[in-house]
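The values are calculated or read from the model by the stated rules, or taken from the named source; none is laboratory data. All figures in this text were calculated on a predicted structure; none of them were measured in a lab. Cβ sites come from the backbone with ideal geometry, for glycine too, and all protein chains shown count toward neighbours. Just so you know, the surface numbers come from the protein's heavy atoms only, side chains and all, with ligands and any DNA or RNA stripped out. Shrake-Rupley method; radii C 1.70, N 1.55, O 1.52, S 1.80 Å.
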Amino acid sequence: MSGRPAPALTARALSCAVGGRVVLRGVDLDLAPGTTTAVLGVNGSGKTTLLRTLAGLQRPEAGAVLVGDREVHDLPARRRAQVVAFVAQEESPPADMTAGEFVALGRLPHHRPWARGDGDRPHSRAALAEVGLDAALDRPCAQLSGGERRRVCLARGLVQDCELLVLDEPTNHLDVSHQVALLALLRGSGRTVLTALHDLALAAAYADQVVVLHEGRVHAAGAPHDVLTPDVVTRVFGVDAAHLSDPRGRHHLVVGPGRHLR
(Lines give C-alpha, C1' and ligand atoms only; values in the text may rest on other atoms or scores of the structure.)
Protein backbone atom coordinates (compact mmCIF):
# COMPACT_ATOMS: atom_id res chain seq x y z
CA MET A 1 0.00 0.00 0.00
CA SER A 2 1.35 3.44 -0.95
CA GLY A 3 -0.49 5.32 1.78
CA ARG A 4 -1.57 7.99 -0.70
CA PRO A 5 -5.21 9.15 -0.67
CA ALA A 6 -7.44 7.90 -3.46
CA PRO A 7 -7.78 10.32 -6.40
CA ALA A 8 -10.65 12.78 -6.17
CA LEU A 9 -11.41 12.03 -9.82
CA THR A 10 -10.34 9.15 -12.04
CA ALA A 11 -10.97 8.72 -15.77
CA ARG A 12 -10.07 5.53 -17.59
CA ALA A 13 -10.06 4.80 -21.33
CA LEU A 14 -12.36 7.78 -21.84
CA SER A 15 -13.63 8.70 -25.30
CA CYS A 16 -15.63 11.91 -25.78
CA ALA A 17 -17.80 12.95 -28.70
CA VAL A 18 -19.58 16.01 -30.08
CA GLY A 19 -22.60 15.41 -32.31
CA GLY A 20 -21.65 11.75 -32.68
CA ARG A 21 -18.08 12.59 -33.76
CA VAL A 22 -15.39 11.32 -31.39
CA VAL A 23 -12.99 14.16 -30.60
CA LEU A 24 -10.94 12.54 -27.82
CA ARG A 25 -9.88 8.93 -27.30
CA GLY A 26 -8.10 6.93 -24.63
CA VAL A 27 -8.04 9.59 -21.90
CA ASP A 28 -6.61 8.35 -18.58
CA LEU A 29 -6.55 10.94 -15.83
CA ASP A 30 -6.13 11.15 -12.06
CA LEU A 31 -6.82 14.28 -10.02
CA ALA A 32 -5.34 14.20 -6.54
CA PRO A 33 -7.50 15.69 -3.77
CA GLY A 34 -6.91 19.38 -3.17
CA THR A 35 -4.89 19.95 -6.34
CA THR A 36 -5.40 22.21 -9.36
CA THR A 37 -5.25 20.69 -12.84
CA ALA A 38 -5.23 22.82 -16.00
CA VAL A 39 -6.40 21.42 -19.34
CA LEU A 40 -4.59 23.03 -22.26
CA GLY A 41 -4.90 22.81 -26.04
CA VAL A 42 -5.61 24.83 -29.14
CA ASN A 43 -9.16 25.84 -30.04
CA GLY A 44 -11.11 22.78 -31.09
CA SER A 45 -8.86 20.33 -29.25
CA GLY A 46 -11.74 19.11 -27.06
CA LYS A 47 -11.15 20.97 -23.77
CA THR A 48 -14.80 21.89 -23.20
CA THR A 49 -16.03 18.47 -24.27
CA LEU A 50 -13.61 16.77 -21.89
CA LEU A 51 -14.60 19.01 -18.98
CA ARG A 52 -18.33 18.49 -19.59
CA THR A 53 -17.80 14.73 -19.74
CA LEU A 54 -15.69 14.65 -16.58
CA ALA A 55 -18.31 16.77 -14.79
CA GLY A 56 -21.04 14.28 -15.74
CA LEU A 57 -22.95 16.66 -18.02
CA GLN A 58 -22.56 14.45 -21.07
CA ARG A 59 -21.94 10.75 -21.32
CA PRO A 60 -18.72 9.41 -22.81
CA GLU A 61 -18.64 7.25 -25.91
CA ALA A 62 -16.50 4.81 -23.93
CA GLY A 63 -14.75 4.59 -20.59
CA ALA A 64 -15.65 5.66 -17.07
CA VAL A 65 -15.35 8.67 -14.78
CA LEU A 66 -15.21 8.12 -11.02
CA VAL A 67 -15.50 10.84 -8.40
CA GLY A 68 -14.24 9.06 -5.32
CA ASP A 69 -15.76 5.61 -5.73
CA ARG A 70 -18.86 6.82 -7.62
CA GLU A 71 -19.45 6.69 -11.37
CA VAL A 72 -20.38 10.30 -11.99
CA HIS A 73 -22.72 9.56 -14.90
CA ASP A 74 -24.78 7.17 -12.78
CA LEU A 75 -25.50 9.75 -10.08
CA PRO A 76 -28.90 11.47 -9.99
CA ALA A 77 -28.61 15.09 -11.09
CA ARG A 78 -29.15 16.51 -7.59
CA ARG A 79 -26.59 14.18 -6.04
CA ARG A 80 -24.09 14.91 -8.81
CA ALA A 81 -24.51 18.64 -8.18
CA GLN A 82 -23.56 18.03 -4.55
CA VAL A 83 -20.17 16.59 -5.51
CA VAL A 84 -19.29 18.39 -8.78
CA ALA A 85 -19.76 22.09 -9.54
CA PHE A 86 -19.41 23.19 -13.17
CA VAL A 87 -19.06 26.76 -14.43
CA ALA A 88 -19.39 27.08 -18.21
CA GLN A 89 -17.20 29.24 -20.42
CA GLU A 90 -19.80 31.80 -21.51
CA GLU A 91 -22.27 31.50 -18.64
CA SER A 92 -23.89 34.81 -17.72
CA PRO A 93 -26.36 35.62 -14.93
CA PRO A 94 -29.82 36.92 -15.89
CA ALA A 95 -29.90 40.71 -16.02
CA ASP A 96 -32.94 41.02 -13.74
CA MET A 97 -31.47 39.01 -10.86
CA THR A 98 -29.23 40.47 -8.19
CA ALA A 99 -25.74 39.06 -7.82
CA GLY A 100 -26.71 37.51 -4.49
CA GLU A 101 -29.83 35.87 -5.92
CA PHE A 102 -27.86 34.31 -8.76
CA VAL A 103 -25.08 33.05 -6.51
CA ALA A 104 -27.68 31.50 -4.18
CA LEU A 105 -28.74 29.19 -7.03
CA GLY A 106 -25.58 27.24 -6.24
CA ARG A 107 -27.15 26.22 -2.93
CA LEU A 108 -30.16 24.54 -4.57
CA PRO A 109 -28.63 21.01 -4.63
CA HIS A 110 -28.35 21.18 -0.84
CA HIS A 111 -32.06 21.94 -0.26
CA ARG A 112 -35.06 19.66 -0.40
CA PRO A 113 -37.10 20.06 -3.61
CA TRP A 114 -39.23 23.23 -3.49
CA ALA A 115 -37.71 24.24 -0.15
CA ARG A 116 -37.00 27.94 0.37
CA GLY A 117 -33.38 28.98 0.72
CA ASP A 118 -33.93 31.76 3.26
CA GLY A 119 -30.59 31.04 4.93
CA ASP A 120 -28.55 31.32 1.75
CA ARG A 121 -27.78 35.04 1.91
CA PRO A 122 -24.70 34.64 4.18
CA HIS A 123 -23.36 31.92 1.87
CA SER A 124 -23.82 34.19 -1.15
CA ARG A 125 -22.13 37.10 0.60
CA ALA A 126 -19.15 34.92 1.58
CA ALA A 127 -18.74 33.52 -1.94
CA LEU A 128 -18.92 36.99 -3.49
CA ALA A 129 -16.31 38.16 -0.99
CA GLU A 130 -14.02 35.36 -2.17
CA VAL A 131 -14.06 36.84 -5.69
CA GLY A 132 -13.83 40.43 -4.48
CA LEU A 133 -17.46 41.38 -5.02
CA ASP A 134 -18.95 41.40 -1.52
CA ALA A 135 -20.34 44.91 -2.13
CA ALA A 136 -22.33 43.64 -5.13
CA LEU A 137 -24.67 41.36 -3.18
CA ASP A 138 -27.81 43.40 -3.92
CA ARG A 139 -26.75 44.90 -7.25
CA PRO A 140 -28.73 43.84 -10.34
CA CYS A 141 -26.57 41.81 -12.69
CA ALA A 142 -27.49 44.25 -15.47
CA GLN A 143 -25.34 46.84 -13.69
CA LEU A 144 -22.24 44.64 -13.58
CA SER A 145 -19.39 44.73 -16.06
CA GLY A 146 -18.49 41.66 -18.11
CA GLY A 147 -15.65 40.79 -15.75
CA GLU A 148 -17.87 41.26 -12.70
CA ARG A 149 -20.55 39.00 -14.18
CA ARG A 150 -17.87 36.39 -14.78
CA ARG A 151 -16.80 36.58 -11.16
CA VAL A 152 -20.45 36.27 -10.04
CA CYS A 153 -20.68 33.02 -12.01
CA LEU A 154 -17.52 31.77 -10.34
CA ALA A 155 -18.97 32.66 -6.94
CA ARG A 156 -22.05 30.58 -7.82
CA GLY A 157 -19.70 27.63 -8.44
CA LEU A 158 -17.84 28.23 -5.16
CA VAL A 159 -21.02 28.46 -3.06
CA GLN A 160 -22.09 25.05 -4.36
CA ASP A 161 -19.49 23.71 -1.90
CA CYS A 162 -18.53 20.61 -3.86
CA GLU A 163 -15.67 18.16 -3.64
CA LEU A 164 -14.72 18.98 -7.23
CA LEU A 165 -14.87 22.34 -9.02
CA VAL A 166 -14.78 22.24 -12.84
CA LEU A 167 -14.25 25.58 -14.60
CA ASP A 168 -14.22 26.18 -18.35
CA GLU A 169 -11.96 29.18 -19.11
CA PRO A 170 -12.61 30.94 -15.79
CA THR A 171 -10.23 33.81 -16.60
CA ASN A 172 -12.22 34.91 -19.67
CA HIS A 173 -13.21 38.60 -19.46
CA LEU A 174 -11.03 39.18 -16.39
CA ASP A 175 -8.20 41.71 -16.25
CA VAL A 176 -4.77 40.41 -15.32
CA SER A 177 -5.03 41.30 -11.62
CA HIS A 178 -8.29 39.38 -11.25
CA GLN A 179 -6.91 36.46 -13.29
CA VAL A 180 -4.00 36.14 -10.88
CA ALA A 181 -6.22 36.64 -7.81
CA LEU A 182 -8.71 34.01 -8.99
CA LEU A 183 -6.09 31.35 -9.73
CA ALA A 184 -4.36 32.02 -6.42
CA LEU A 185 -7.73 31.70 -4.67
CA LEU A 186 -8.48 28.39 -6.36
CA ARG A 187 -5.07 26.92 -5.63
CA GLY A 188 -5.25 27.95 -1.98
CA SER A 189 -8.86 26.89 -1.44
CA GLY A 190 -8.23 23.25 -0.59
CA ARG A 191 -10.69 22.24 -3.31
CA THR A 192 -9.91 19.85 -6.15
CA VAL A 193 -10.00 22.12 -9.20
CA LEU A 194 -10.10 21.16 -12.88
CA THR A 195 -9.95 24.10 -15.26
CA ALA A 196 -9.45 24.78 -18.95
CA LEU A 197 -7.04 27.65 -19.63
CA HIS A 198 -5.61 29.38 -22.67
CA ASP A 199 -2.76 31.19 -20.93
CA LEU A 200 0.17 28.77 -20.74
CA ALA A 201 2.16 31.00 -18.39
CA LEU A 202 -0.71 31.17 -15.88
CA ALA A 203 -1.16 27.41 -16.08
CA ALA A 204 2.55 26.90 -15.45
CA ALA A 205 2.46 29.26 -12.47
CA TYR A 206 -0.71 28.09 -10.72
CA ALA A 207 -1.49 24.49 -11.70
CA ASP A 208 -0.15 21.44 -9.88
CA GLN A 209 -0.75 19.37 -13.02
CA VAL A 210 -1.33 20.23 -16.67
CA VAL A 211 -3.00 18.07 -19.31
CA VAL A 212 -2.19 18.95 -22.92
CA LEU A 213 -4.68 17.84 -25.60
CA HIS A 214 -3.47 17.39 -29.17
CA GLU A 215 -4.81 15.53 -32.20
CA GLY A 216 -7.59 13.78 -30.30
CA ARG A 217 -5.55 12.49 -27.38
CA VAL A 218 -3.73 13.49 -24.23
CA HIS A 219 -0.38 14.51 -25.65
CA ALA A 220 1.28 14.98 -22.25
CA ALA A 221 0.28 15.24 -18.60
CA GLY A 222 2.17 15.96 -15.43
CA ALA A 223 3.85 18.78 -13.53
CA PRO A 224 3.91 22.02 -15.58
CA HIS A 225 7.71 22.32 -15.68
CA ASP A 226 8.02 18.73 -16.93
CA VAL A 227 5.22 18.94 -19.51
CA LEU A 228 5.39 22.47 -20.90
CA THR A 229 8.79 22.05 -22.47
CA PRO A 230 9.81 24.18 -25.46
CA ASP A 231 9.41 21.13 -27.73
CA VAL A 232 5.86 20.37 -26.54
CA VAL A 233 4.76 24.01 -26.69
CA THR A 234 6.12 24.43 -30.21
CA ARG A 235 4.64 21.15 -31.44
CA VAL A 236 1.16 21.66 -29.96
CA PHE A 237 0.70 25.45 -29.99
CA GLY A 238 3.04 26.57 -32.77
CA VAL A 239 4.90 29.12 -30.63
CA ASP A 240 8.41 29.35 -29.27
CA ALA A 241 8.86 28.91 -25.52
CA ALA A 242 11.54 29.04 -22.87
CA HIS A 243 11.84 28.51 -19.12
CA LEU A 244 13.34 31.44 -17.25
CA SER A 245 14.10 32.09 -13.59
CA ASP A 246 13.62 35.50 -11.96
CA PRO A 247 15.92 37.00 -9.28
CA ARG A 248 13.71 35.46 -6.56
CA GLY A 249 14.31 31.97 -7.94
CA ARG A 250 10.82 31.52 -9.37
CA HIS A 251 10.47 29.69 -12.67
CA HIS A 252 8.41 31.16 -15.50
CA LEU A 253 7.26 29.96 -18.92
CA VAL A 254 7.79 32.62 -21.59
CA VAL A 255 6.22 32.25 -25.04
CA GLY A 256 6.80 34.18 -28.25
CA PRO A 257 5.85 34.17 -31.94
CA GLY A 258 5.92 30.83 -33.68
CA ARG A 259 8.09 30.12 -36.66
CA HIS A 260 5.08 30.37 -38.99
CA LEU A 261 4.61 34.03 -37.94
CA ARG A 262 8.12 35.16 -38.78
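How much of the DSSP bridge set in the chain is antiparallel, in percent, rounded to the nearest 5?
Percent antiparallel among DSSP bridges in the chain is about 60.
Along the charge dipole of the chain, Cβ charges K/R +1 and D/E -1, which of Val39, Val233, Cys141 sits furthest on the positive end?
Sorting the options by dipole projection puts first Val39.
Pick out which of Pro60, Pro247, Pro230 has the largest mean-square fluctuation in a Gaussian network model of the chain, springs linking Cα atoms closer than 10 Å.
In the Gaussian network model the winner is Pro247.
Write down the Å³ per residue value for the convex hull defined by the alpha carbon atoms of the stretch 185-228.
79 Å³
Specify which residue in the list Val176, His243, Ala88 is farthest towards the positive end of the charge dipole of the chain, using unit charges on the beta carbon of Lys, Arg (+1) and Asp, Glu (-1), about the Cα centre.
Ala88
List the equivalent ellipsoid semi-axes of the chain in whole Å, largest first, each obtained as the square root of 5λ for an eigenvalue λ of the Cα gyration tensor.
Rounded to whole Å, the semi-axes are 30, 24, 17.
Only helical DSSP H runs with n ≥ 4 go in: add -39500 (n - 2.57) per run for the chain, normalise by residue count and round the 222 nm mean residue ellipticity to 500 deg cm²/dmol.
Value at 222 nm, helices only: -8000 deg cm²/dmol.
Leaving ligands and nucleic acids out of the surface, order Phe102, Phe237 by accessible area at 1.4 Å, largest first.
Ranked from most to least accessible, the order is Phe237, Phe102.
Once you've got the GNM for the chain with C-alpha springs shorter than 10 Å, pick whichever of Leu244, Leu183, Leu51 has the biggest mean-square fluctuation.
Between Leu244, Leu183, Leu51, it is Leu244 that shows the largest mean-square fluctuation.
What net charge is computed for the residues neighbouring Ala95, neighbours being all others with C-beta under 13 Å from the C-beta of Ala95, Lys and Arg scored +1, Asp and Glu -1?
-1
So what is the relative contact order for the stretch 9-228, in percent, with contacts set as C-alpha pairs under 8 Å and at least six apart?
With pairs under 8 Å counted, the relative contact order is 28 percent.
Starting from the Cα of Ala126, step 7 Å along the direction of its Cβ; do the same at Leu244; then give the gap between the two resulting points in nm.
4.2 nm
Can you report the principal axis dimensions of the stretch 66-193 using only the alpha carbons, biggest first, rounded to whole angstrom?
Sorted from largest, the Cα extents of the stretch 66-193 read 40, 32, 23 Å.
What is the mean projected area of the alpha carbon convex hull for the stretch 5-63, to one decimal in square nanometres?
4.1 nm²
What size of dipole, in debye to the nearest 20, comes out for the chain about its Cα centre when the only charges are +1 on Lys and Arg C-beta atoms and -1 on Asp and Glu C-beta atoms?
Magnitude of the dipole: close to 300 debye.
Cα gyration tensor of the stretch 20-133, axes a ≥ b ≥ c as square roots of the eigenvalues: rounded (a/c below 1.5), prolate (a/b > b/c) or oblate?
prolate
Put one equal scatterer on each alpha carbon of the stretch 130-262, apply the Debye formula with no solvent term, and list log10 I(q)/I(0) at q = 0.16, 0.19 1/Å to two decimals.
-0.91, -1.14
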